[in-house]
Amino acid sequence: MRSVIHFASAALALAALAFTAVPFAVAADKPDPVADAKAFKNFFTQKFPKVKLEDFVNGPYSMNEDMHRQWEEKEQFPPYEFSLDMGKEMFAKPFKNGKSYADCFPNKGIGIRQNYPYFDAGEGKVVTLELALNRCREANGEPAFSYVKDEMAALTAYMAFTSRGKPFDIKIPDDPRALEAYQNGKRYFYTRRGQLNFSCATCHVQTPGERIRAEVLAPALGILNAMPIYRSEWSGMGTISRRFTTCNSQIRGVPLNPQDDEYRDLEYYLSYVSNGLPISGPGARP
Amino acid sequence: MRTAAYLVTSMLLIAGAASALAAGSEADFKAAYAAAEAANKEAGSLRNQWTVTASALAAAKKAADAGDFDKAIASSKEAEALAKASIFQATSEKEAWKALEIR
């Protein structure tokens, strides 16, 4: 009789464990973008209590007063101005078939940067602005631009400029594939890679505001709002694709191809957690 | 005297044979290079190759083309070790990334 009681108690205990542990495990693993974005903002605003939320988009220039002054002076004669002018001209120039970029985008491509990247339900993947621009070109019989060179930087610079001040408004639709893309982007952001064993978060979450050699590391919050950027280190403009691939090679990892799924998902994640922060691109960085 | 001469000759012969054995051959290089390439390919399937692995593989090929198989084998082995480290990293990071997450 005693053994029967022991057996029944054990069975009850197991059942109780099963009922309590399983939902917990599922809940812990299920992505919650809203909670993530809140925690992301809290982390940075607590780490840098003197920096206003909207000022994080200025990257290293938001990290101290001296650097902020440098940025204000730089903005008098911004180094990205040539790129911006080039982008404006390119954007207005019709393709050989008479159509233009304006025909490919909502609101004729003006003031829409804050909505990219978006999840495309038809394709089941994330579509970035750079990708959409090249698809527009190809659909109109034009060759695609390199994702890491000046033409793409110029076009995105102009589109960002027409969207300045508009808050990032990235949507994650009620679609498990969108949530999966978001989660993949998050995983990529935190995964260590390369011989230096760095993740994106190693520099941009754990040590923003600190120096890595002569450079001040930017916080991850708002890091894409200023893209594309003129970098003094590059002596030229850089797209988001250029930023991602060079980050990878700097830590001695072989970069993926620009606009591979991982980078698209990473952009989706990073943009989403910066929702509400204003577009400030094109930007300038040391 | 004759015995001493035999002894010296034998020692020289042994030394020569030993150095011939120690020197890497083209076949050794090919085997070491293939092992390194296979490991790097596996790292590629995990989307986690390292630039230094590619550099070591290139150095191995360059040394082999110059006929320096000792150096070519050493670079191949270095490349294999680096590729295996990148595989370990990718495998352990499948779960370890969560420890860095802002919550």
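Structural remarks
- Of all residues in region A:246-275 being more than 22 Å from B:Glu101 (Cα to Cα) and β-branched (Val, Ile, Thr), the one that is surrounded by the most Cβ atoms within 10 Å (Cβ to Cβ): A:Val254
- From the options A:Ala153, A:Ala144, residue that is within 21 Å of A:Gly98 (Cα to Cα) and of a type in the set (Gly, Ala, Ser): A:Ala144
- Selected residue (criterion: farthest from the other protein chains (Cβ to nearest Cβ)) from residues of region B:22-76 that are assigned to a loop (DSSP other than H, G, I, E, B) and touching a strand residue (DSSP E or B) at 6+ places or on another chain (Cβ under 8 Å): B:Asn48
- Some residue of region A:164-176 being away from chain B (no Cβ under 11 Å), outside any strand (DSSP E or B), on the phi < 0 side of the Ramachandran plot and buried (at least 21 other Cβ atoms within 10 Å of the Cβ): yes
- Those residues of region A:191-235 which are buried (at least 16 other Cβ atoms within 10 Å of the Cβ), out of contact with any Gly (no Cβ under 9 Å at 6 or more places or on another chain) and away from every other protein chain (no Cβ under 14 Å), in sequence order: A:Gly209
- A:Pro282 vs. criteria within 14 Å of another protein chain (Cβ to nearest Cβ) and at negative phi: no
- Scope region A:258-277; condition in a loop (DSSP other than H, G, I, E, B) and either aliphatic (A, V, I, L, M) or within 11 Å of chain B (Cβ to nearest Cβ) (or both); matching residues: A:Asp260, A:Val273, A:Leu277
Each value in this text was obtained by applying a stated rule to the coordinates, not by laboratory testing. Computed from a predicted structure; not experimentally measured. FYI the Cβ positions are ideal-geometry reconstructions off the backbone, even for glycines, and counts take in every protein chain you see.
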